[in-house]
Amino acid sequence: MSDPGQPTLDQLKVLITVVETGSFAAASRKLNRATSVISYTIANLEAQLGVTLFDRLSTKKPQLTLEGRTVLAEAKSVAHGIDNLRAKVKSMLRGVEPEVHLALDVMLPAARVMDALKAFRKEFPSVSLRLYVEALGAVTQIVLNRTAAIGISGPLDIEIAGLERIGVGFVKLIPVASPDHPLAGGSHPPGAARGHIQLVLTDRSPLTQGHEFAVVGNHTWRLADLGAKHMLLKEGIGWGNMPEPMVRDDIEAGRLVQLDLPDCKGGPYRLQAVYRTDTPPGPAARFLIDHFQSQDVDDPISAGWSFGE
């Protein structure tokens, strides 16, 4: 037979149950059907596909043939897809979004992101997630233009109509440079950093155009990627502020040093969950906001919080 028939979902589930339970009789008990019905279902499936699924001659217990193992793998894939479909529809009927688009500030510690996403996957296994990573005002811009439903943004000290903000904590920024940089080692008088290249993260959105964040250097190199900034710092090209969790291992290993600059001490970088007031988050997106908020403490400095943990 060159053109196999189309099996039913019930036939595929019977096949999976026979294999999982180890026999036709055990499958009949699990499915609450007569053993003869299980045998008949498998025989029909074999006839439709034109292949023998079980070796019934050489062993007492039915053993899958090579063709049977191939069909079983596809049957499991189909059954899993149907289960996912049902879960998604069930969630939608309960008002849960089928997909959440989330924008994150690049400064957000990876440990906090992983903690939130693992919890989200456990709570909403059927909800798809689309993730965007941006810097400064670009996170809010993605939310404003409806590309993302919610964002976890850095401080945006301008009022934007139709935007809701919820504080979700801080990340500590510290000035760093490579050990062989002129600013490394010892304290420096005010203004000492101005004569050296400062690496500055730039905004890809117009929301913070004309605003400077902790820029004291007269000579700046501006980058739109935090990873590139991190690489240049380790190579000794300039100095700059970085999230403490991101450079903690580098400082411990001696690849970077924290600078003692009286006019650029670093400090907490505020983080906010943002969303449009005309499209409030659904249950899945709200869960993410609440989870990020639950990671927060009132005062990250006095509380001695180990950032990113």
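The values are calculated or read from the model by the stated rules, or taken from the named source; none is laboratory data. Computed from a predicted structure; not experimentally measured. Glycine also receives a Cβ, built like all others from the backbone with ideal geometry; neighbour counts cover every protein chain displayed. What goes into the accessible areas is simple: the full protein's heavy atoms, side chains included, and nothing from ligands, DNA or RNA. Shrake-Rupley method; radii C 1.70, N 1.55, O 1.52, S 1.80 Å.
Here is how the numbers come out for the structure above:
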| read-out | value |
| --- | --- |
| Degrees separating the helix 283-294 axis from the principal Cα axis of the chain, which is the longest one | 40 degrees |
| Hull shadow area, averaged, the range 9-93 [alpha-carbon convex hull, nm²] | 6.0 nm² |
| Extension reserve of the Arg121-Asp10 stretch, reckoned as 0.36 nm per residue once the Cα distance is removed | 37.1 nm |
| Nonlocal Lys pairs with alpha-carbon distance under 30 Å, the range 99-298 (8 or more apart, or different chains) | 8 |
| Candidate lysines for bridging to Lys61, where Cα separation is under 27 Å - those fewer than 8 sequence places away on the same chain excluded | Lys13, Lys30, Lys76 |
| Fully extended contour minus Cα-Cα distance, from Ala47 to Asp225, at 0.36 nm per residue | 58.2 nm |
| The range 214-279: trypsin sites (Lys or Arg not before Pro) falling in loop per DSSP and having at most 16 other Cβ within 10 Å | Arg255, Lys265 |
| Accessible area in square angstrom per residue, the chain, 1.4 angstrom probe | 52 Å² |
| In degrees, nearest ten, helix 244-253 long axis to first principal axis of the chain (Cα) | 80 degrees |
| Glu67 - accessible surface, heavy atoms, 1.4 Å probe, Å² rounded to 10 | 90 Å² |
| Separation of alpha-carbon centers, the range 39-53 and the range 11-30, rounded to whole Å | 14 Å |
| Principal-axis tilt of helix 110-123 within the chain, Cα atoms, nearest 10 degrees | 30 degrees |
| Cβ charges +1 (Lys, Arg) and -1 (Asp, Glu), total dipole of the chain, debye | 1340 debye |
| Carbon/sulfur fraction of accessible area - the chain, other protein chains in place, 1.4 Å, % | 53 percent |
| Loop trypsin sites (Lys or Arg not before Pro), the range 137-175, which have at most 11 other Cβ atoms in a 10 Å radius of their Cβ (DSSP) | Arg146 |
| Percentage, to the nearest whole number, of Cα pairs in the range 255-297 over 12 Å apart | 74 percent |
| Intensity falloff of the range 99-298 expressed as log10 I(q)/I(0), Debye formula with alpha-carbon point scatterers, at q = 0.11, 0.13, 0.16 Å⁻¹ | -0.54, -0.73, -1.01 |
